[in-house]
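Single-structure report; data block below.
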């Protein structure tokens with residue numbers, strides 16, 4: 001078969017960041033970038049958050065095969081600090097270039113496994129800790145037990161940020177240009193009163209000050225929105241002033257003000273803004289209305305998006321009925337390539353739940369179901385794999401139910417396919433989803449799924465009684481009953497595992513996913529050419 005022709009549209013995949021252990025939207029962004037690069041060579045991962053180890057993380061994903069070596073990564077903070085948006089993926093990982101004056105003032109007193117060094121001030125005995133991470137280094141300053149300051153160094157060694165923790169959880173971030181170490185940005189953020197510098201910066205921005213090369217304030221904003229919009233406008237003007245450009249956004253709510261601002265200021269003649277919706281987006285317990293926080297992303301008078309892409313036709317229809325203004329399309333995620341799937345192995349009788357410990361995933365129901373199953377099958381074993389702020393609550397509930405011998409909680413894994421390939425069945429107890437990747441990955445590995453028939457996704461992938469079981473949402477008794485049958489009825493379990501391994505015709509391949517995206521992008525391009 002001849003290779004399909006490449007396309008000349010410029011695609012910018014807007015996302016937050018590039019993380020070392022991606023799941024959910026982060027993993028989807030990597031896989032979509034890899035897929036689109038096969039046909040669209042001008043595809044870039046375009047990131048808005050600060051990541052001092054971005055180069056090392058990108059190289060890690062290239063080595064792991066999650067990203068092609070030809071991938072181009074653009075970063076807002078790289079533009080602010082370097083003057084260029086493109087992140088170089090060459091060059092060695094270097095240690096922090098710590099100021100000589102600091103080295104003279106402090107002395108090292110201990111080192112732990114080559115990852116953290118304790119230093120003490122010669123004058124007042126205050127402590128500092130130098131952390132050496134895989135992707136970047138940082139230096140914490142302590143007053144008593146309180147971390148009040150942190151210096152962050154890029155993976156190439158340069159000092160690039162200083163953070164100060166003030167009263168009532170206020171954090172000041174100062175970013176420095178690499179060319180002359182002048183102040184580039186100062187960001188004042190508010191956090192919880194018990195916050196520490198160690199917490200990720202997903203808090204509320206109060207003020208953003210932009211500085212010139214003499215570190216003098218030259219503009220002030222209440223958020224990063226106008227600066228990110230200016231960055232995107234600069235990218236479009238420089239890279240594709242006359243070509244079709246597509247801003248493909250995975251984060252509807254976060255990028256909406258940026259794209260709304262960009263729409264007001266841009267003069268680009270061929271710009272398309274496309275939102276990719278990965279979740280339910282309907283308010284819970286609210287008669288199926290659009291979620292208030294996302295309503296402005298869908299309503300025609302406010303949305304900056306030309307097209308909203310969902311993962312199921314049912315969800316596209318539901319949103320079209322509620323917000324008929326924007327155009328809608330659906331593209332289902334494709335099955336992992338056969339070459340990436342683990343080789344068949346002997347399966348355990350483990351029941352696995354893989355997903356973030358968040359309210360949406362409804363682990364409370366999963367644990368009640370586990371208690372019912374273990375009452376009938378004392379040797380049953382459940383594995384809950386993931387991370388999230390509710391992990392501690394899940395562990396406490398396991399102890400309260402007396403299930404510590406039957407239920408194990410594990411950190412998220414880099415090898416979910418291997419987990420599914422060695423398990424008897426996976427479960428999904430979520431309140432809502434968009435098109436849950438864990439169901440697709442489980443079925444790809446021949447592991448049947450028992451799931452609540454929620455909106456959206458399980459019904460599109462699970463053929464009831466063939467490759468899994470669909471349960472009426474909230475019917476925990478029926479859920480437990482089917483799991484008990486799976487554990488005790490070998491013929492039933494073998495039948496579902498065989499169906500999961502062989503019933504694939506209703507699921508999309510990655511080639512079909514790419515073709516669906518190609519149809520959408522070419523249609524958008526032709527609309528602009530026609531106008």
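The values are calculated or read from the model by the stated rules, or taken from the named source; none is laboratory data. Values in this document were obtained by computation on a predicted structure and should not be read as measured data. Using ideal geometry, Cβ is built from the backbone for each residue, glycine included, and neighbour counts are taken over all protein chains shown.
Considering only the range 451-465, how many residues are modelled with pLDDT under 95 and buried (at least 23 other Cβ atoms within 10 Å of the Cβ)?
Total satisfying the criteria: 2.
Can you find, within the range 72-92, the residue that is farthest from residue 16 (Cα to Cα) among those that are modelled with pLDDT under 90 and touching a helix residue (DSSP H, G or I) at 6+ places or on another chain (Cβ under 8 Å)?
91
Based on this model, can you work out whether residue 367 counts as in contact with a helix residue (DSSP H, G or I) (Cβ under 9 Å, 6 or more places away or on another chain), over 23 Å from residue 248 (Cβ atoms), at pLDDT 95 or above and in a loop (DSSP other than H, G, I, E, B)?
no
Please give the number of the condition residue 200 fails out of (1) surrounded by fewer than 12 Cβ atoms within 10 Å (Cβ to Cβ); (2) at pLDDT 90 or above.
Only one criterion is unmet by residue 200, namely (2).
When the residues of the range 240-263 are narrowed to those that are in contact with a strand residue (DSSP E or B) (Cβ under 6 Å, 6 or more places away or on another chain), in a helix (DSSP H, G or I) and closer than 17 Å to residue 44 by Cβ, which ends up modelled with the lowest pLDDT?
255
In the range 236-260, what residues are touching a helix residue (DSSP H, G or I) at 6+ places or on another chain (Cβ under 8 Å) and surrounded by fewer than 19 Cβ atoms within 10 Å (Cβ to Cβ)?
Residues satisfying the conditions are 251, 253, 257.
Let me spell it out: the conditions are (1) in contact with a strand residue (DSSP E or B) (Cβ under 6 Å, 6 or more places away or on another chain); (2) closer than 22 Å to residue 28 by Cα; (3) at pLDDT below 90; (4) surrounded by fewer than 19 Cβ atoms within 10 Å (Cβ to Cβ), and residue 277 meets all of them except one. Which number is the exception?
(4)
Only helices (runs of 4 or more DSSP H) wholly contained in the range 435-531 count here; list those with 3 or more residues that are more than 23 Å from the chain's Cα centre (by Cα).
476-488, 490-502, 510-530
Is it true that residue 34 is at pLDDT below 95 and crowded, with 16+ Cβ neighbours inside 10 Å?
yes
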